[in-house]
Amino acid sequence: MGDTMSTTVVVEGEGELKYQWYIKNPGQSKFSKSSVKEATYFCDMTAAKSGRQVYCVVKDRQGNTVATDIVTLSIKQ
């Protein structure tokens with residue numbers, strides 16, 4: 001079993017903010033929606049997930065959105 005990792009989005013805004021995380025595993029060509037809809041993304045890291053890329057889209061109540069930079073998750077050998 002691998003270690004659990006997390007990454008958190010810190011955003012300033014008024015009202016309720018909605019979060020949607022996207023992931024792309026090694027060998028995949030496209031990002032897909034994650035089930036995570038909170039400010040913090042958690043993942044049990046294994047060797048098979050090393051190289052996974054994630055980013056988050058944050059939406060405010062007026063429908064404005066902003067996407068974070070893409071982060072690559074990896075296990076140090």
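Restricting attention to segment 34-48, the residues that are closer than 15 Å to residue 70 by Cβ and either open to solvent by 60 Å² or more (accessible area, probe 1.4 Å) or part of a strand (DSSP E or B) (or both) add up to 2.
Out of 60, 3, which single residue is of a type outside the set (S, T, N, Q) and modelled with pLDDT of 90 or more?
Details: 3 fails: modelled with pLDDT of 90 or more.
On inspection, the qualifying residue turns out to be 60.
For segment 49-62, state whether one or more residues are out of contact with any helix residue (DSSP H, G or I) (no Cβ under 8 Å at 6 or more places or on another chain), surrounded by fewer than 12 Cβ atoms within 10 Å (Cβ to Cβ) and of a type outside the set (A, V, I, L, M, F, W, C).
Going through segment 49-62, the residues out of contact with any helix residue (DSSP H, G or I) (no Cβ under 8 Å at 6 or more places or on another chain) turn out to be 49-62.
Filter again for surrounded by fewer than 12 Cβ atoms within 10 Å (Cβ to Cβ), leaving 61-62.
Going one step further and asking which of them are of a type outside the set (A, V, I, L, M, F, W, C), we end up with 61-62.
So far as segment 49-62 goes, yes, one or more of its residues are out of contact with any helix residue (DSSP H, G or I) (no Cβ under 8 Å at 6 or more places or on another chain), surrounded by fewer than 12 Cβ atoms within 10 Å (Cβ to Cβ) and of a type outside the set (A, V, I, L, M, F, W, C).
Candidates in segment 1-22 are the residues that are farther than 23 Å from residue 64 by Cβ and not hydroxyl-bearing (Ser, Thr, Tyr); of these, the one that is most open to solvent (accessible area, probe 1.4 Å) is 1.
The values are calculated or read from the model by the stated rules, or taken from the named source; none is laboratory data. Bear in mind that the values here come from a model prediction, so they are computed numbers and not experimental data. Reconstructed Cβ throughout: ideal geometry from the backbone, glycine too, with neighbour counts over all protein chains shown. These area figures cover heavy atoms from the full protein model, side chains too; ligands, DNA and RNA do not enter into them. Shrake-Rupley method; radii C 1.70, N 1.55, O 1.52, S 1.80 Å.
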